[in-house]
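Shown next, in structure tokens, is the structure this report addresses.
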Amino acid sequence: MRSIKLKAAVISLLLFLLFIGAWHMATLPKESTSLAGANAEYAALMGKGAEKSGGFPPPLEVGQAFVKYLADPFYDHGPNDKGIAIQLGHSLARVGLGFFLAVLVAVPLGFVIGMSPLLLRAFDPFIQVLKPISPLAWMPLALYTLKDSNVSGIFVIFICSIWPMLINTAFGVASVRRDWINVARTLEVNPLRKAFLVILPAAAPTILTGMRISMGIAWLVIVAAEMLVGGTGIGYFVWNEWNNLALPNVIFAITMIGVVGMLLDMIFGRLQQLVTYRE
Amino acid sequence: MSAHFLIVEALKKAYPAANGQPNPPVFEDIHFHIDKGEFVCIVGHSGCGKTTILNVLAGLEEATAGDAFMDNREVRGPSLDRGVVFQGHALMPWMSVLGNVAFAVKSKWPEWSKEKVREHCAGYLEMVGLGDALDKKPAELSGGMKQRVGIARAFAIQPKMLLLDEPFGALDALTRGTIQDELLKIVQATHQTVFMITHDVDEAILLADKILLMSNGPHAKIAEIVEVTMPRDRTRAGIHHDPQYYKIRNHLVDFLVNRSKTYAGAEAEMFHDAKNPPLVRPGLEGDRAPVLTLATERPAPQLKQAINQ
Ligand SMILES: Nc1ncnc2c1ncn2[C@@H]1O[C@H](COP(=O)(O)OP(=O)(O)OP(=O)(O)O)[C@@H](O)[C@H]1O
Ligand SMILES: [Mg+2]
């Protein structure tokens, strides 16, 4: 068990080094000066003459971007130049708020729907139609009605988080073992006690699976949403650096998006473990 | 109303078929009664409707027709007066052993203090030999231990009547014997009224005062009521030495193997009155070979076979 972990870690490291090596080889400077000159001209035009951007950045350059941004993650030099932690913080705040609102709606509603076969059927067509809509398709409507890009971003997170949680909660509640319900019935347990002490714990693993899926989607969507509405956030950062043609920064931001997404998923994995019971 | 504690009258259950048409009833014309302190077992082939009857008595399911009365009151919906031990133990896996029993106890006596609940539950878990496992989760217990928690949970609410659905069905023979002994002890000490389903003829003879024999479904009925006439202070080890034991056992096995399928159809009514199923005491019959005796005493089943041929 231990040895397989160790072996896997060694192989992971080798794969990483291989990847970096291949990247390095592929981005070795070419001899064609004319192209480089044109690029330099273009770079100068974009006001970034100091930074050399000869094609795809080599790993070393990207590494420098990592060092630069991670060394001071909290600086704030005006609207277009903020530290990475601040940008991530804005994104996480939007995701957190939208997700939290979605939990407030989806879990109680899913609970009620799951308890009643009638309501489950009645809500089903709406869920089926609304679920496959790309969350970004809501953006124009949200911007028009909410009149605020920040609130619209939160709304988009809300709307994309709600479906997996709603469906999983309803499914989890509807498929609580008949036996457990019958135990509660023979004990004349009142509805509130039954909901919180029997149905909720029984359905909790399924509900948390829904939350985990929702959080994954929300983190995917926030980047796109922030690219669209601009202002702050990691998505805006990516877009801004692309406009500056600062590809090392873009690659750095992409990596950060991946790492934060992984951490979020790990948190929900832990929560899932906490509520999972062994039969 | 009569003095019987539990009365079942003309009970019938028909499930709707997939196409909405009514199926033939699983059982009909079920009449029987149980007195206070009596231990009644019901045996019959799989699918004849035993669980359905128990669920109706528990109030978990509604009968198509007929009534059940307990303590002179109609059975309507589940009640804390009837404790149920489910076939598959039905413990909540996210609660500890103590938590499972406490959940039941708090439901019955919401005003009790934490300490009192704990003490009460621990006492009943002690009784089933699980005093050391209070804080374990059900997943950490063996099948027999889980079933014992289920029994403790049902006993702990001190119901007027216990309903047991094949409580030992999933257990190996050795564990089953141990728990049977425990149940026997508890019941002898508490004079609990019990209705129990079992597939095990020996178990029924060991535990029961009366055994209801159910014929095969559909249209299942109570075919006979067998009184277990052996003294009440039975033990699993000693029961085999009683000459009555084999007579009763042969009678039950003969019913299950040969006669249980002969009670369906109109011709059965010629020899069988479902409203007053015959009460038999095979243990007190003379030393005749039981199977032969029955064949000559009961011409009707053969009549039916003759008709079928
Ligand atoms: N919910 C249901 N819908 C339709 N038919 C059902 C339903 N529940 C039970 N039945 C039918 O009723 C009959 C009796 O079922 P029941 O579970 O009471 O049998 P049983 O005597 O307890 O059998 P076993 O000994 O195998 O537990 C069976 O034929 C079964 O197919
Ligand atoms: Mg059954």
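Quick note: the coordinates plus some simple rules give every number you see, no bench work behind them. Treat the numbers as computed from the prediction; the structure is a model and nothing was measured. Glycine also receives a Cβ, built like all others from the backbone with ideal geometry; neighbour counts cover every protein chain displayed.
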Viscosity 1.002 mPa s, temperature 20 °C, Stokes-Einstein D of chain B from Kirkwood C-alpha radius, µm²/s:
104 µm²/s
Whose amide H sits under 5 Å from the amide H of B:G217, counting only residues 5 or more places off or on another chain, with H placed in the peptide plane?
B:C48
Suppose R0 equals 35 Å; then what is the FRET efficiency for A:R270 and A:E188 from their Cβ-Cβ distance, rounded to the nearest 0.05?
0.45
Straight-distance crosslink candidates among lysines, where the alpha carbon sits under 27 Å from B:K136 and sequence neighbours closer than 8 are dropped
A:K194, B:K106, B:K108, B:K114, B:K116, B:K146, B:K185
Using r as the Cβ-Cβ distance of A:Y277 and A:I254, and R0 as 56 Å, what FRET efficiency do you calculate, to the nearest 0.05?
0.90
Tell me which of A:V103, A:I267, A:A225 sits at the most positive position along the dipole axis of the stretch A:59-278, charges placed on C-beta atoms (Lys, Arg +1; Asp, Glu -1).
A:V103
Sequence neighbours fewer than 8 away in the same chain don't count; with that in mind, list the lysines whose C-alpha is under 26 Å from A:K131.
A:K147
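What do you get when you divide the Cα radius of gyration of the stretch A:59-278 by 2.2 N^0.38 Å, with N the number of residues? If you can, show how the numbers build up before the last one.
Working: Rg = 20.8 Å, N = 220, 2.2 N^0.38 = 17.1 Å.
For the stretch A:59-278, the normalised Cα radius of gyration comes out at 1.22.
Against the empirical 2.2 N^0.38 Å scaling, what ratio does the C-alpha Rg of the stretch B:72-132 come to? It would help to have the intermediate numbers written out before the result.
Details: Rg = 13.2 Å, N = 61, 2.2 N^0.38 = 10.5 Å.
That works out to 1.26 for the stretch B:72-132.
Return the FRET efficiency for the residue pair B:R236, B:H191: r is the Cβ-Cβ distance, R0 is 25 Å, and the value is rounded to the nearest 0.05.
On the way: r = 20 Å, r/R0 = 0.79.
According to the calculation, E is roughly 0.80.
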Pop out the ³J(HN,Hα) list for the stretch B:202-215 in order, Karplus 6.51 cos²θ - 1.76 cosθ + 1.60 with θ = phi - 60°, rounded to Hz; leave Gly and Pro as x.
5, 4, 4, 5, 5, 9, 8, 8, 10, 10, 8, 9, 10, 7
Here the stretch B:57-104 gives, from Cα atoms, an Rg and Dmax in Å of 13.9, 40
In degrees, nearest 10, the alpha-carbon axis of helix B:299-308 is tilted away from the dominant principal axis of the alpha carbons of chain B by 80 degrees
To the nearest 10 degrees, how steeply does helix A:247-275 sit against the main Cα axis of chain A, on a 0 to 90 scale?
20 degrees
Output wanted: per-residue J couplings in Hz (rounded whole) for the stretch B:119-135, from phi through Karplus 6.51 cos²θ - 1.76 cosθ + 1.60, θ = phi - 60°, x for Gly and Pro.
4, 4, 5, 4, x, 6, 6, 4, 4, 8, x, 10, x, 8, 10, 4, 9
If the cut-off is 21 Å between C-alpha atoms, which lysines fall inside it for B:K12, apart from same-chain ones fewer than 8 positions away?
B:K50, B:K221, B:K261, B:K275
Hey, can you grab everything whose amide H is under 5 Å from the amide H of B:F39? Only 5+ residues off in sequence or another chain; H modelled, so Pro and N-termini drop out.
B:V194, B:D209, B:K210
Can you compute 3J(HN,Hα) from phi for each residue in the stretch B:40-51, using the Karplus curve 6.51 cos²θ - 1.76 cosθ + 1.60 with θ = phi - 60°, rounded to whole Hz and x for Gly and Pro?
10, 9, 10, 10, x, 5, 4, x, 7, x, 5, 4
Compute the helix-to-body angle for A:117-130: its Cα long axis versus the longest principal axis of chain A, expressed 0 to 90° and rounded to tens.
20 degrees
Which residues qualify? For B:R234, with a placed amide H closer than 5 Å and at least 5 residues away or on another chain, they are none
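What number in nm² do you get for the stretch B:70-189 if you take the convex hull of its Cα atoms and divide its surface by four? Could you put the intermediate results ahead of the total?
On the way: hull surface 31.6 nm².
Computing the convex hull of the Cα atoms and averaging its projections yields 7.9 nm².
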When Rg is the radius of gyration of the Cα atoms in the protein assembly as shown and Rh is its Kirkwood radius, what does Rg/Rh come to?
1.19
